[in-house]
Amino acid sequence: MSATHAASRSQAAQRVTLVATYELGRQPFGLASPAAWLQGAGFQVTMVDLSREPFEPEAFNADLVAFHLPMHTATRLAVPVIRRVRALVPAARVCCYGLYALPNERMLRDLGVEDVLGGEFEQALLDVASGREPEAGSGPLPRLDFRVPLRAGLPPLARYATLQTPTGTRVVGYTEASRGCKHLCRHCPIVPVYGGRFRAIPRDVVLADIRSQVESGARHITFGDPDFFNGIGHAVSLVESVAAQFPGLTYDVTIKVEHLREHRRHLTLLRDTGCQFVVTAVESVDDAVLAKLAKGHTRAEFEAVVEECRDLGLPLAPTFIPFTPWATTSGYLELLRTIDALHLVEQVAPIQLTLRLLIQEGSRLLDLEGPALNARLGSFDERLLVYPWAHSDPDVDRLQQEAAAVVGRGLTASRSELFDELLALTADRLGVPTPHRISGRLDRAAVPYLNEPWYC
Ligand code: SF4
C-alpha cells in the first residue's frame, strides 16, 4: 500500500486506549501485548480492564479506542461499551481486534467500529494507530515479531482469579506461548480465524513475560494457549526453562485428549515441572457427538487419558458441552454417570454440566445442513451473537434450562452437592431411580482449581 494512501486514511493517533471487558478472570494478555508495541512506537497508551475497573470517562479520552474481543462473553459485554464510547468521544477512531472481531465484523461496523482486526493483531493495531492501512499482503495471520507484554498500568495480579490448593491460595499470572490451533474442530471459534494454523511466541518473550509477573507476585501461571501441545518441542523446552528459572512456580495448561495420548511420554515432565492441572476439552462421552464435532478423540481415549493422568498424579480439569443438537436426556445421564465412575466430580466445574453449544458467525457447524444438525436453526441474533437453535426434542432444551437453574442457584454449594442435584433431576426426568454415586465426596480444595468459572 502506498504512503499517499496511508496518509489519506486517517490521522495518526497520539493517545490510544486499549479495552478488555472479560478475560476469564485473567490479567489481559490481549492488552499487555499490543501495549508494548504501541508504547514502543511512542504512543501514549492507557489500558482499561472493565472486568476489574469501573468505566471512567476520562480513560476514553483518546484518538483511538481499541477493544480486545477474545471470546463470546467479552464481545457481548463490549457492545454497550462501544456505543457509550462512540457517544462520549465521537472524534475517536474505534477498533476491535481478536478472535471474535472478524466473525462479527458486520455487527461491529454497524456500531460504528472503523477497524476490525483478526487474531494476530499487534502489527495491524500499530498500523491503525499510525494512520496506515494494516499491511496489505500479510493476510489475517501474519507472522509477528512478538514483544514482551507491557503490564504496568493494568490492575494488579492479586485482583484477578487465584489458585486454590490444599496448602492455600496462589496469585496467578497469565501468558500465552502460542496462539491459534492446528486442528479444525467443527464447533471451535478459533477455526474460522486461524484455519488450522497456530503461531508460537518465542520462548524468550514468554519467559520474560513470566518473569515480570513473578516479580509482581505471581506464584502460578496459566498458559492460555488453545492447545499447549500444538508445538510439542516449544512446549517441552519452555516448561523445562520455567522450572529452571522459577523454582516453585506452578502452572496450568490446556491440552486436547488427542495430544495427551500422542505425547503421553511428556506428561511426567509436566507433573515434575509444577503443572497443577491440565484443562482438556472432552465435550462429550458419546462417540457419535464427538464425530459431529470433529474432536479427534473417542470416549475410550478420554477414559484412557483419565487413567494415565491419575496414575501419574497429574490432575485433569475436563470441560464439556453436554447440550448439543444431538444430546438426549439418557445421554446426559450417561455423561453424569461416567464422570462419577471416573472419579471426576470434583474436577469438573458445575457450569460445564450446563453448557449449550454456541453456533457463532463463521462456525463450521453451519456446514451441517438439515437432518445432520438435528435442530431448528434461526437466523443470526445480533444481540446474542449466535445462531439460535432449538433441539428437535424440546425436553432436552428444558433439561438444559433446569440444569442451568440448579447450578445458578447453587453458587455456594459444593461441586458434589450440585452434581447430586443434577443426577436426581435427570433421573427424575427419565422416570428412573437416581443412580448411587460411586465416587466419594472430597474436600474441594484437595484438587487445585482457579476460582473463576469458565464461561467461554
Ligand atoms: S483442539 Fe481445541 S483449540 Fe484446537 S480446534 Fe479443537 S477445540 Fe479448537
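Just so it is clear, none of the values below were taken in a lab; they were calculated from the coordinates. Values in this document were obtained by computation on a predicted structure and should not be read as measured data. Counting neighbours? That spans all protein chains shown, and the Cβs are built from the backbone with ideal geometry, glycine included.
For the range 242-257, putting each phi into the Karplus relation 6.51 cos²θ - 1.76 cosθ + 1.60 with θ = phi - 60° gives couplings of 4, 5, 6, 8, 10, x, x, 6, 10, 7, 9, 9, 10, 9, 6, 3 Hz, in residue order, rounded to whole numbers and with x for Gly and Pro.
Helical content alone sets the calculated 222 nm signal of the chain at -10500 deg cm²/dmol, taking -39,500 (n - 2.57) per DSSP H segment of four or more residues and averaging over every residue. By the Cα gyration tensor, the chain has an equivalent ellipsoid whose semi-axes, rounded to whole angstrom, run 37, 27, 20 from largest to smallest. Taking amide H positions as modeled 1.01 Å from N, with prolines and chain starts lacking one, the residues under 5 Å from residue 278 and 5 or more places away or on another chain are 316, 317. Here r is the Cβ-Cβ distance between residue 307 and residue 110 and R0 is 51 Å; the resulting FRET efficiency, rounded to 0.05, is 0.50.
Estimated from the Cβ-Cβ distance and a Förster radius of 35 angstrom, the FRET efficiency linking residue 412 and residue 83 is about 0.50.
The packing ranking of peptides 41-54, 118-131, highest mean first, is 118-131, 41-54, where packing means the average number of other beta carbon atoms within 10 angstrom of each residue. Taking other C-beta atoms within 10 angstrom as a stand-in for reagent exposure, 215, 258 fall in the order 215, 258, fewest first.
Bridging of residue 256 to aspartates and glutamates at a Cα separation below 19 Å is possible for 176, 225, 227, 283, 286, 287, 301, 303, 307, 308, 311, once same-chain residues fewer than 8 apart are set aside.
Classify the range 3-129 from the C-alpha gyration tensor, please: rounded if a/c falls under 1.5, else prolate or oblate depending on whether a/b exceeds b/c.
Rounded shape, in that the Cα axes give a/c under 1.5.
Here the Debye sum runs over all C-alpha atoms of the range 340-421 as equal scatterers in vacuum, and log10 of I(q)/I(0) at q = 0.14, 0.21, 0.22, 0.24 Å⁻¹ comes out as -0.63, -1.00, -1.03, -1.10.
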